[in-house]
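*Asks:* Questions regarding the structure given below will be posed in turn.
Derivation of every value follows stated rules applied to the coordinates shown; laboratory data play no part. Since this is a predicted model, take the numbers as computed values, not measurements. When we count neighbours, we look across all protein chains shown, and the Cβ atoms used for this are built from the backbone with ideal geometry, even at glycine.
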Amino acid sequence: MDITFIKELRVETVIGIYDWEREIRQTVVIDLEMAGDIRPAATTDNIADAIDYKAVGKRLIGFVEEAEFQLVETLAERLAEIVRSEFNVPWLRLTINKEKALTGAAGVGVTIERGQRARP
């Protein structure tokens, strides 16, 4: 199994359970690992045979910027659904870090894994 990744994708969004959070935009930081076999792309040198991380990133940015969820858990699930269904990714690991949400912590959030990993 090969991994294509996006690391520290920063996006502004409305997220949180408190009234004051519903009135501001906060930064969430997204880390995404996507499983796939890179050999076809390496053979053809064609983006059509690869996981197009730029297309994935642009899609996630657009979605997150328009989103207004209360929980990072909900946001994580929606992003995982988008990546798996729209980009044909069989397995992913997604972390959402809501920086500055807890005094004294570098960040808080969730990491989820969805799908099946290919076995060697």
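*Asks:* From 36, 62, which residue is out of contact with any His (no Cβ under 9 Å at 6 or more places or on another chain) and surrounded by 15 or more Cβ atoms within 10 Å (Cβ to Cβ)? Show your work before the answer.
*Replies:* Working: 62 fails: surrounded by 15 or more Cβ atoms within 10 Å (Cβ to Cβ).
Testing whether each residue is out of contact with any His (no Cβ under 9 Å at 6 or more places or on another chain) and surrounded by 15 or more Cβ atoms within 10 Å (Cβ to Cβ) leaves just 36.
Each row is one residue, and each column tells you yes or no for (1) out of contact with any Gly (no Cβ under 9 Å at 6 or more places or on another chain); (2) among the basic types (Lys, Arg); (3) on the phi > 0 side of the Ramachandran plot.
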position: 6; (1), (2), (3): no, no, no
position: 19; (1), (2), (3): yes, no, no
position: 49; (1), (2), (3): yes, no, no
position: 59; (1), (2), (3): yes, yes, no
position: 77; (1), (2), (3): yes, no, no
position: 86; (1), (2), (3): yes, no, no
position: 90; (1), (2), (3): no, no, no
position: 96; (1), (2), (3): no, no, no
position: 106; (1), (2), (3): yes, no, no
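*Asks:* Could I ask something else about it? Could you tell me which of the residues 74, 103 is of a type in the set (Ser, Thr, Tyr) and part of a loop (DSSP other than H, G, I, E, B)?
*Replies:* Values: 74 fails: part of a loop (DSSP other than H, G, I, E, B).
Criteria check complete, one pass: 103.
To keep it simple, each residue is scored yes or no on (1) assigned to a loop (DSSP other than H, G, I, E, B); (2) free of Cβ contacts under 8 Å to residues at least 24 places away in the same chain; (3) farther than 18 Å from residue 113 by Cα.
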| site | (1), (2), (3) |
| --- | --- |
| 11 | no, no, yes |
| 43 | no, yes, yes |
| 63 | no, yes, yes |
| 92 | no, no, no |
